[in-house]
Every structure is written in structure tokens, then in C-alpha cells.
Amino acid sequence: MGHIEALFQEACALRAAEVSLELHRDSVEVIWPKLGRGHEVRFLQDNVSDTLMLVALVARAAQIEKISQSDLCRIMLLQNRATRVVAFRRTVLHGHIEATVVCRASTLSSEELQYYLLIVAREADRLELVLTGTDARLRGRSR
């Protein structure tokens, strides 16, 4: 088992108040049972640049098609200014909105990874509510 895989297992095993973390092959489901909400966070490792990217889907292109470009840009700019850890972007290929965190992989601790997982999921969930007014379902569960 590699360093990053072990970190994900440790981070998901750590106790976090009011939240559960479920590790899957290439993602973690962050679930707030009392709120009935959750978010999936995918992870991508780049060994060349020694980085780990955590990505949470905020909204699909079809969910935001009625929002004007200027309003969407303003909302994303305000969200990017409001958080120092999470960056929001619109993907070129599909037009989805994503929340991302990029961190150094080699010096990452399980506690730091858990923090990043929680914050990217929370911020993605907040922006999803602002943009769509709902909590979309993913894989039969609340995302």
C-alpha cells in the first residue's frame, strides 16, 4: 500500500464531529448524517509534481444553464475570495463547476488530509445550494 492510500485510510478512520467519511477506490464520500447531506470528493495524485488534488463536483452544466454568465462569474469570484483553501472553477470540457484543493503529497498528514476533505466537501455543498437550490443525488445518495 502506498503512502497516499495509507493516508486516506487513516484520515477516514479519524473521528470527526457530526460527519462520516467513506473511502472508495478513487473517492471519499463525506456525509453529514444529521443534515441528510453529503458530497463526493475525488482524488488525483501527480507524482511528478508531488501534489494531490481533491475535486468535488459542485454543479453540472445542465443545472446552471439558466444562470447568466455574468452572474455565474460574480458568484464564483465571491466564493473564491471568501475561502483561502478551496478554489472554484468551471471545466472547459463539460462546463461543470468544481471545487478543488491542491496540496503537497509528500508532507501531508492524515489530519491535514481529513481537514482538506471536509473543507472541500463543505464549500462545494454550500456553492451547490447557492447555484442550484438543491442537494443533487449521486450514486443513489445525496452528494
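Every read-out reported here was derived from the displayed coordinates using simple, explicitly stated rules and does not represent laboratory data. What you are looking at is a predicted structure, and each value in this text was computed from that prediction instead of being measured. Glycine gets a Cβ as well: all are built from the backbone with ideal geometry, and neighbour counts include every protein chain shown.
Have a look at L78, I31, V19 and report the one farthest towards the positive end of the charge dipole of the range 3-133, computed about the Cα centre with Cβ charges (Lys/Arg +1, Asp/Glu -1).
Sorting the options by dipole projection puts first L78.
From the residues S68, I97, T132, which one has its Cα farthest along the dipole of the chain in the positive direction, the dipole being from +1 and -1 charges on Cβ of Lys/Arg and Asp/Glu about the Cα centre?
Highest projection toward the positive end goes to S68.
What order do you get for R25, R126 when you list them from fewest to most C-beta neighbours inside 10 Å?
Working: R25 4, R126 17.
Least crowded to most crowded, the residues run R25, R126.
Only four residue types carry charge here, +1 at the Cβ of Lys and Arg and -1 at the Cβ of Asp and Glu. Report the dipole size of the range 3-133 about the Cα centre in Debye, rounded to the nearest 20. List each step's numbers first, then the result.
Details: 15 positive and 17 negative charges, 110 e Å.
So the magnitude is around 520 debye.
Mean-square fluctuation check for the chain, GNM, Cα pairs under 10 Å: which of R42, R122, R84 is largest?
Of the options given, R84 has the highest mean-square fluctuation.
Explain nothing, just the number: relative contact order of the chain, from Cα pairs under 8 Å at least 6 residues apart, as a whole percent.
Working: 221 pairs, mean separation 38.3, N = 143.
Once divided by the residue count of the chain, the mean separation gives 27 percent.
Which of V19, V41 has the fewest other C-beta atoms within 10 Å, and how do the rest follow up to the most?
Values: V19 18, V41 22.
So the ranking, lowest neighbour count to highest, is V19, V41.
Sorted from fewest to most neighbouring beta carbons within 10 Å, what does the list E112, E98, E5 look like? Mind dumping the intermediate values first?
Working: E112 14, E98 19, E5 11.
Starting with the residue having the fewest Cβ neighbours, the order is E5, E112, E98.
Please report the equivalent ellipsoid semi-axes of the chain, computed as sqrt(5 x eigenvalue) of the Cα gyration tensor, largest first, in whole Å.
Taking √(5λ) for each eigenvalue gives 25, 18, 13 Å, largest first.
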